[in-house]
Amino acid sequence: MGPVGSTTSKLAAAVIDAAPDLAKGAGGPLVKAVQEQLVNAGEKLKVDGDFGDETTAAVKSFQAKNGLKVDGKVGDETLTALLGVKGAGTGEKPVAKFDLTKELASPDSELSVAIGMAEGTRTADGGKTPAYAGHQDPGNKANNKGTFSYQGESKNAREADQKQLESMRKFRPQYEEACRKAGIDPGNKLVAAACFDLYNQAPEAATGKGGLLEQLPALAKKGLTEENFAKARKESFFDPATGKYDTTFGSIKELGQDQARRMSVLAGKVGGGEPTVAAPKSSAPVPAHKRPEEMEKFRNQYEVACRKAGIDPNDKLVKATCYDFYDKYPKATTADGGLLSKLPRVASQGVNAASLTRARLDALAGGEENWRSDHDLLTGQDREMKGVLDKLRRDETVGAPLREYTPASAGKIGFGSQGPEVLQLKKDLKAAGFYNGALNDKMGNDGIAALEKAKAQLGLGGPKDIAGPETLKAISQSTEFPTLHVPVNFLSQLSKGSPRAKSSDCDNACQEMMETAPNPANRVTPRDGNDNVIQCGGGNLKGTKAASDYLFDQLKAGKPVMIGVDYKEGTGKSNVNDIDHYLVVTGSGVDKQGRQYLTFLDPQQPNARLGSDSNTANRLYKEGNEYKQHDVRPGEVPYTLRGVVRNK
């Protein structure tokens, strides 16, 4: 695949003239672009331009994860959702491509204005702040002029802009070469803004040893996101020759805060991430408040924060301020030290525009000492808060309506319920893998969210946010079989399988999958030797309990487990309890029929669609003392668990 955005840029051109729906049997560049976006969204499929069974399965998986109609077809809604996908790291908006020749020709281009906003000399609409004409650099005390805070000889701000644009044009070939080596499209707006802004601020940090350009290959792997660029830019100031950060800031923390602030400003102006995707003419980027799943999560966070602070979540000013801030700076809203964490102080100071503006500034800058002298941040937040107040004066609806909970009648648990029965329910939800919050005796947003998840997965009826006797009993029983999942990538042992393992032996393929799990914390190696196989099944009650206990202990610790299964008559070649084949168990759960199961990866399959744990056929269901596969293709013999291999 070429640089990021090389094919997805074709998506917009093709979309305009394309038929309304893409489905099985379709082919061509649009299908290929859709496949790439599916891969960016985390789906496993081959990018070949043919809409076959594998692509249909990937589309259905994407639709299910994003609350869309699951039909395997790419219609308007699915295509719009795919256009918002950001590849390796998710940003906030689809980002178009820069024409750098045009952008570096004028101080009024989008890129120039974005850099000026980071400098505090320009406004989002292209206007000029008082600092544009000239101001003293807070670091080296030099006289700055123009959009880029140019410090060299110049008659006026206009001449200063032209001189700095010339310097950035000279930087362009070095930047483009570094992008190409990293497999990144040089026109990616966020990448260009991050690199040219740092070159403008501190040229050596961009081009020097360990500088931002040298970090681009690593960023391409981690994800081209605002957060990753902020961290990389801070590290660009580290001088390996001295072992120190070369900066005029008073501390490394202040340096990091400045880079985070600048990246927030840049991303807010040009967009927040990868890949370079142009939306069709009839489709505009979807605002945060119109993304239902994301906003449902934020609504819960907002309500919890308000109640902890003793603030009414329906307070119009607080709600408008928080939703506006989240739409622009999601990380600075919900992270530790973010706006929601500042609400208790707002409550103590009095809920008004001034206290909320201070809270917004603190969330962006990390404290008053960091924003008191920051002209562009002060003016920017003042302008944004005026916009919030204008909306309130016009009585515009801000954010989604706060959720209405079903009142809990006697003997049932709902939002606001309190007592020992609530504590027990939370313990059961946690043991079953549905809840990760605090264990207390009051039912709040987090508890209700876990209850709704449990009722949906267990197929329980009644109001989704109410737990009656039958629900409590079902959840309690499900604790015996928790919902767990360890992410592991599929590999095929077959010579023509894709993706292919190094070995054609099933046990070696299983070991490779376990040792190359995406998260290093989940990687593990199974032990060698028959003595390390816990034999089970076939009437061996003691062995089955020991195998089951070990398996769940490992899954709860985030470790996959290799297991042996029987599916042929006679004794398998391993000579251990009739084991014929090895699989990798990655999780467990309970389906809507109440059946308990283990999920597995099967290296005997030719591709991820058939061999991954997302295939519902790859489940071993608990039947008394046995674990057996239910859904098999015609002519196949179901797997039966016969052994669990201990990990090292």
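The values are calculated or read from the model by the stated rules, or taken from the named source; none is laboratory data. On a predicted model such as this, the values are computed, not experimentally measured, just so you know. Cβ placement follows ideal geometry from the backbone for every residue including glycine, while neighbour counts extend to all protein chains displayed. Accessible surface areas use protein heavy atoms only, side chains included; no ligands, DNA or RNA. Shrake-Rupley method; radii C 1.70, N 1.55, O 1.52, S 1.80 Å.
Solvent-accessible area per residue in the range 360-506 equals 52 Å², computed with a 1.4 angstrom probe and all protein chains kept.
Here the extension length gained between N625 and L68 equals 196.6 nm, from 0.36 nm per residue of separation less the Cα-Cα distance.
Shown is the FRET efficiency for R393 and L423, computed with R0 = 41 Å from the Cβ-Cβ distance and rounded to the nearest 0.05: 0.35. The residues of the range 541-627 expose on average 41 square angstrom of accessible surface per residue, using a 1.4 Å probe on protein heavy atoms. Applying 1/(1 + (r/R0)^6) with R0 = 51 Å to the Cβ-Cβ distance of R646 and K24 gives a FRET efficiency near 0.70. Each Cα pair under 8 Å and six or more residues apart adds its separation to the average, and for the range 222-261 the resulting relative contact order is 41 percent. Applying 0.36 nm per residue to the separation of Q162 and N532 and subtracting their alpha-carbon distance, the gain on full extension is 126.0 nm. Taking label positions 7 Å along the Cα-Cβ direction at both D53 and V304, the computed distance is 4.2 nm, reported to one decimal.
Computed from backbone phi with θ = phi - 60° and the Karplus coefficients 6.51, -1.76 and 1.60, the 3J(HN,Hα) list for the range 432-439 is 8, x, 9, 9, 10, x, 6, 8 Hz; x is used for glycine and proline. Solvent-accessible surface of the range 103-183, averaged per residue with a 1.4 angstrom probe and all protein chains in place: 48 square angstrom. Within straight-line reach of K234, meaning a Cα separation under 17 Å, sit the following aspartates and glutamates at least 8 residues removed in sequence or on another chain: E119, D197, E204, E214, E226, D246, E254, D258. With θ taken as phi - 60° and the Karplus curve 6.51 cos²θ - 1.76 cosθ + 1.60 applied, the whole-hertz 3J(HN,Hα) list for the range 333-347 is 8, 9, 6, 4, x, x, 4, 4, 6, 8, 4, x, 5, 4, 4 Hz, x standing for glycine and proline.
The helix-only estimate of mean residue ellipticity at 222 nm for the chain, built from DSSP H runs of length n ≥ 4 each weighted as -39500 (n - 2.57), is -13500 deg cm²/dmol after division by the residue total. In this simple spin-label model, placing a label point 7 Å from the Cα along the Cα-to-Cβ direction at both Q477 and V637 gives a separation of 3.3 nm. For the pair D553 and K464, label points projected 7 Å from Cα toward Cβ lie 3.8 nm apart.
Between E294 and D137, the FRET efficiency estimated from the beta carbon spacing at R0 = 30 angstrom works out to 0.15. Less than 5 angstrom separates the built amide H of G643 from those of C536, G564, all sequence-distant by 5 or more or on a different chain. Measuring between alpha carbons in the structure, the pairs from K559/K648; K545/K628; K145/K386; K163/K231 lying more than 19 angstrom apart are K145/K386; K163/K231. For the chain, the share of accessible area belonging to carbon and sulfur comes to 49 percent (1.4 Å probe, ligands and nucleic acids excluded).
Expressed as a fraction of 2.2 N^0.38 Å, the value expected for a compact globular protein of N residues, the C-alpha radius of gyration of the chain is 1.09.
When restricted to Cα atoms, the range 130-176 yields an Rg and a Dmax of 11.5, 34 Å, respectively. Relative to the longest principal axis of the Cα atoms of the chain, the long axis of helix 53-65 lies at roughly 70 degrees.
Residues within the reach of a label modelled at T379 (point 7 angstrom out along Cα to beta-carbon, backbone nitrogen below 16 Å), restricted to the range 131-170, are 131-138, 144-150, 157-158. Between N607 and S498, the built amide H atoms are under 5 Å apart, and every one of these is 5 or more places off in sequence or on another chain.
Using C-alpha pairs below 8 Å separated by at least 6 residues, the relative contact order for the chain is 9 percent. On full extension, the segment bounded by R372 and F249 gains 42.8 nm, given 0.36 nm per residue less the C-alpha separation.
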